[in-house]
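What follows is a set of notes on a single structure, which appears directly below.
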Amino acid sequence: MALLALSLPASALARGGGDDVRATGSCGRGASAELRVREHHGAIEVEYRVRRGRSGERWSVSLVHERRVA
């Protein structure tokens, strides 16, 4: 989901006129996710939320920038 969201132009993702960029997606198994990126005190802050009906599941999220895992 995150790869698809990051491949879209930033202007297509910006909402609300703020400085943050958001993207959402969903999986075929009922999970949904939200990615939020913004500037915070001179650094880049990334927030990724996964929503799923079941609690206790483990998720792995990888952040890749210019072919490198960040």
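Laboratory data are not the source of any read-out in this text; all were calculated from the coordinates shown. From a predicted model like this one, the values you see are computed outputs, not experimental measurements.
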Stretched fully, the stretch from residue 45 through residue 68 gains (0.36 nm per residue minus C-alpha distance, one decimal, in nm) 6.5 nm
The ³J(HN,Hα) series, computed from each phi in the range 56-67 with the Karplus coefficients 6.51, -1.76 and 1.60 at θ = phi - 60°, rounded to the nearest Hz and given as x for glycine or proline, is x, 6, 9, 10, 10, 10, 10, 9, 10, 10, 6, 6
